[in-house]
Amino acid sequence: SGKVYFFGGQDGTSFFNDLYTFDTHNQAWSIVTDVGGQLPLPRSYHTASVHQGLMLVFGGTGTAWCFYSDLHFLDIATSTWKLAQFSGPSPSPRCFHTAVLAQGTLFVFGGARLTRDAWDYFNHLYQFRLETPPPPP
């Protein structure tokens, strides 16, 4: 579609959960203001991947070093967010991880989380199968 999607981030003081697009044809940024559904909390150091018209946002950290392990789907066509429900072992809250989409599966590897005065580092690999899209909100 000629658009790049950008979600969340921080400026050193505040964390954000806004959504921007970059039009590669016009070389212009736009904020998406008409967003519905269950928006992810403001965050940074998360991952965002696109699969068949959905943007998947996983994990990250927010204010007061609160870490997340949630997975949200954004339906790009309708600008509607949905919190994913999944079964089986799930990753602990983390940031600084990596996520890759391959053949309908989101792979999440590594990351870290601050606990008390030390960082915990992870080297686990998790997979979320996306064979069927989430139901509409």
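The values are calculated or read from the model by the stated rules, or taken from the named source; none is laboratory data. Everything numeric in this text was worked out from a predicted model, so none of it was measured. Note that we place each Cβ from the backbone using ideal geometry, even for glycine, and neighbour counts take in every protein chain shown. Surface accessibility is based on the protein's heavy atoms, side chains included, excluding ligands, DNA and RNA. Shrake-Rupley method; radii C 1.70, N 1.55, O 1.52, S 1.80 Å.
Observations
- Pair list, Cβ < 7 Å and 6+ apart or interchain, from the stretch 27-49 residues that are on the phi > 0 side of the Ramachandran plot to residues that are at pLDDT below 95 and open to solvent by 90 Å² or more (accessible area, probe 1.4 Å): Gly37/Pro137
- Verdict on Ala48 being open to solvent by 40 Å² or more (accessible area, probe 1.4 Å), under 24 Å from Val4 (Cβ atoms), at pLDDT 90 or above and under 14 Å from the mean Cα position of the chain (by Cα): yes
- Candidate set from the stretch 70-88 (those that are open to solvent by 40 Å² or more (accessible area, probe 1.4 Å) and touching a strand residue (DSSP E or B) at 6+ places or on another chain (Cβ under 7 Å)); member that is farthest from Phe122 (Cα to Cα): Asp75
- A single entry from Leu106, Leu101, Leu114 fulfils the requirement of being in contact with an Asp or Glu (Cβ under 9 Å, 6 or more places away or on another chain) and over 17 Å from Asn17 (Cα atoms): Leu114.
- Of residues in the stretch 26-45 being in contact with a Gly (Cβ under 8 Å, 6 or more places away or on another chain) and not small (Gly, Ala, Ser), the one surrounded by the fewest Cβ atoms within 10 Å (Cβ to Cβ): Leu41
- Thr13 being exposed (fewer than 12 other Cβ atoms within 10 Å of the Cβ), at pLDDT below 95, of a type in the set (S, T, N, Q) and touching an Asp or Glu at 6+ places or on another chain (Cβ under 9 Å): no
- Close pairs (6 angstrom Cβ cut-off, 6 or more residues apart or separate chains): without any contact (Cβ under 8 Å) to a residue 24 or more places away in the chain in the stretch 1-23, surrounded by 14 or more Cβ atoms within 10 Å (Cβ to Cβ) and β-branched (Val, Ile, Thr) anywhere: Lys3/Thr21
- Applying the criterion of being modelled with pLDDT under 90 and part of a loop (DSSP other than H, G, I, E, B) to the residues of the stretch 89-130, the residue that is most open to solvent (accessible area, probe 1.4 Å) is Arg116.
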